[in-house]
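In what follows, a structure is listed as structure tokens, so that the remarks can point back to it.
Please treat every number below as a calculation from the coordinates, not as lab data. Since the model is a prediction, treat every value here as computed from it, not as a measurement. Note: ideal-geometry Cβ built from the backbone for every residue, glycine included; neighbour counts use all protein chains shown.
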Amino acid sequence: MLNWIDRRTGFVTMAKDFLTEDVPGGASYWYVFGSATLFAMIVQIVTGIFLTFFYAPSAMTAWESTKYIYDHPFQHTVLSIHYWGASAMIALVFLHLLQVVIWGAYKSPREIQWIVGVLLLLVTMVLGLTGYLLPWDMDAYFASQVAINLTLNVPFIGGWIQQFVQDGTTMGTLTINRFFGLHVWLMPAALVALVGAHLAIFRWNGPAGPPVEDPRPLRRGRFWPDQLFMDTVASLLVLIGIVALATFWPPFLDVKADPTVQFTPYPAWYFLDLFGLLNIVPGNLEIVGAIIIPGIATTLLILLPWIDRSTTRVTGSRKFILWLLGVSLLIIWALTIWSQLSIMQKQAAAPAGGPPAVAAKEQANMTKSGTSNVSPPSATAAVSPAAKAGQAVYSQNCSSCHGAAGAGTPPNFPPLAANSFVTGDPKQVILTVLNGKTGAIQVNGANYNGMMPPWKPSLSTKDIANVVTYIRSALGTNRAGPVTPADVAKLKK
């Protein structure tokens, strides 16, 4: 039977050649990172497919379906394995690339193999980012909101990226569906394609082996059975570690997302260094921490085979690269630790729990008025058709960040009610709505890190005039004059 299959496919011969090939330097546990990463990817795919049987991607059902998974032991175990498997996979990809750098295995003829490996790390981190939102709890909502708003810093196309990722003007069902599609379909397809390319190029180039001047004295060994045994042991240890973490430290599900409540999010550990970088740079230079520095670091990483001009892979001839690697790792660890301490400090200083008093008062007012997402109009709004129309625009596009009655949601979204800027020069208010506002903002003595997107591409001139009229003349205690579509049209370019 095997001969019959081999004559028609060649699979048996290919498998034999693969299993019996020599391993430079002999079998070693230094070579197991790639196989362990591949095993972690398989665990993620299998558990992820299982979880889609129970998960319902919408703002009304995402948290509820996740809660259902948490309430059933077997499904919760699978989810916990998926959760910790993501961390394991990102860590293994990072360790694999780290070993390649230390051994200089990115050098000719393995430049493309290295680039594919870097892309694998990026895709794996995007998978972690897109999966973070899906539970739709408080931490998922606010952490993802920060990540989405950071895309506005991308030059020229930032607004388009933000609209594409968020899939609308506010986070909701469309956002969950967009993240679900990215997490379940697009990114896994890209991951599998890159893994296939990586393995194919590896098969073509062969193993690099240890970094020595003369490879001839190296001990030779076979992939089967020695190296395959070590790969299996490493994969088994990875599985035991994931299952142990899933059993003793299962992930926590916070309460359902509520954008009107003050909350300090905790990003995934593999984004803590970026979070720390963003907290170091001033608010008006957010693009430096969000785009420029990470972009330069990624570009240097991709171009490493051409930056390293040494002629051999031995460590003695690559001291500059290894020193640069050591300094980079120290910076990453320092930013990670500092970020964690900073977040813990902010969470400790936050209110004991529940919404702030003003938000609770808003909720009580909304309950009395019989509505769930619109603040009751004032007397001014009742006699102003423009303000009434603007109230609907505000409820759909602004209330999820600034609150139903304009109280704001620290630390990123300032209050609009009782805000002298809002009731001041109408031209500046219109320009802010048209072009957005990012960076440091101070309102009533409190500091905010503005993350307002430009509404010019999304709202019509009339809608902008109506919503500005509403927030100036009818939101909370604001009683400033209205604006007209003509006022907006003069500033809309």
Seminar exercise, completed: Expected vector for segment 83-90, Karplus 3J(HN,Hα) from phi with 6.51, -1.76, 1.60 and θ = phi - 60°, integer Hz, x for Gly and Pro, equals 4, 6, x, 4, 5, 4, 5, 4
Exercise. Considering amide H positions built from the backbone, and no H for Pro or chain starts, which residues 5 or more places from VAL23, or on another chain, come under 5 Å of its amide H?
Worked result: GLY221, ARG222, PHE223
Exercise. Taking the structure as given and computing semi-axes √(5λ) of the Cα gyration tensor in Å, which label from (i) 49, 21, 21; (ii) 51, 25, 20; (iii) 42, 25, 20 fits?
Worked result: (ii)
Exercise. Quick one: if the Förster radius is 25 Å, what FRET efficiency do ILE307 and LEU330 give, using the C-beta to C-beta distance and rounding to 0.05?
Worked result: 0.80
Exercise. Taking the Cα-to-Cβ direction at LEU186 and at VAL154 and moving 7 Å from each Cα, how far apart do the two end points lie in nm?
Worked result: 0.9 nm
Problem set entry | Estimated vicinal HN-Hα couplings, Hz - segment 284-296 in sequence order (Karplus 6.51, -1.76, 1.60; Gly, Pro = x) | 6, 10, 4, 4, 5, x, 8, 10, 5, 5, x, x, 5
For this session: Please give the residues of segment 136-154, grouped as numeric ranges, whose backbone N is less than 14 Å from a label point set 7 Å along the Cα-to-Cβ vector of VAL255.
Result: 137-139
Exercise. By how many degrees, between 0 and 90 and to the nearest 10, does the Cα long axis of helix 187-205 differ from the longest principal axis of the chain?
Worked result: 20 degrees
Exercise. Points 7 angstrom from Cα along the Cβ direction at LEU98 and ILE337: gap in nanometres?
Worked result: 1.5 nm
Problem set entry | Cβ-based exposure ranking for LYS456, LYS493, in which fewest neighbours within 10 Å come first | LYS493, LYS456
For this session: Towards the positive end of the charge dipole of segment 22-349, with charges on Cβ (+1 Lys, Arg; -1 Asp, Glu), say which of ILE81, ALA246, HIS198 has the farthest Cα.
Result: HIS198
Exercise. Along segment 109-116, what does the Karplus equation 6.51 cos²θ - 1.76 cosθ + 1.60 (θ = phi - 60°) give for ³J(HN,Hα), rounded to whole Hz, x for Gly and Pro?
Worked result: x, 10, 5, 5, 4, 5, 4, 4
Exercise. Using r as the Cβ-Cβ distance of ARG203 and ASN284, and R0 as 60 Å, what FRET efficiency do you calculate, to the nearest 0.05?
Worked result: 0.75
Exercise. Which Cα, out of ASN435, PHE263, GLN345, lies furthest along the positive dipole direction of the chain (beta carbon charges, K/R +1, D/E -1)?
Worked result: ASN435
Exercise. How far is helix 62-71 tilted, in degrees, relative to the longest principal axis of the Cα atoms in the chain, given as a value from 0 to 90 rounded to the nearest 10?
Worked result: 60 degrees
Problem set entry | Net length gained if the chain between PHE74 and LEU237 were fully extended (0.36 nm per residue, minus Cα distance) | 56.5 nm
Seminar exercise, completed: In segment 190-297, the trypsin sites (Lys or Arg not before Pro) that sit in a DSSP loop and have at most 11 other Cβ atoms within 10 Å of their own Cβ are ARG219
Exercise. What is the helix-to-structure angle for 33-52, meaning the angle in degrees between its Cα long axis and the longest Cα principal axis of the chain, kept from 0 to 90 and rounded to the nearest 10?
Worked result: 40 degrees
Problem set entry | By average C-beta atoms within 10 angstrom, highest first, the peptides 294-301, 132-139, 433-440 | 132-139, 433-440, 294-301
For this session: Can you tell me how much longer the chain between PHE421 and ARG479 gets when fully stretched, taken as 0.36 nm per residue apart minus their C-alpha distance, in nm with one decimal?
Result: 19.6 nm
Problem set entry | Charge dipole (the chain, unit charges on Cβ, about Cα centre) - positive-most of LEU134, GLY445, THR13 | GLY445
For this session: Would you order LEU121, LEU272 from fewest to most other beta-carbon atoms within 10 Å of each residue's own beta-carbon?
Result: LEU121, LEU272
Problem set entry | Rounded FRET efficiency, nearest 0.05, which uses the C-beta distance separating THR173 from THR247 and R0 of 41 Å | 0.75
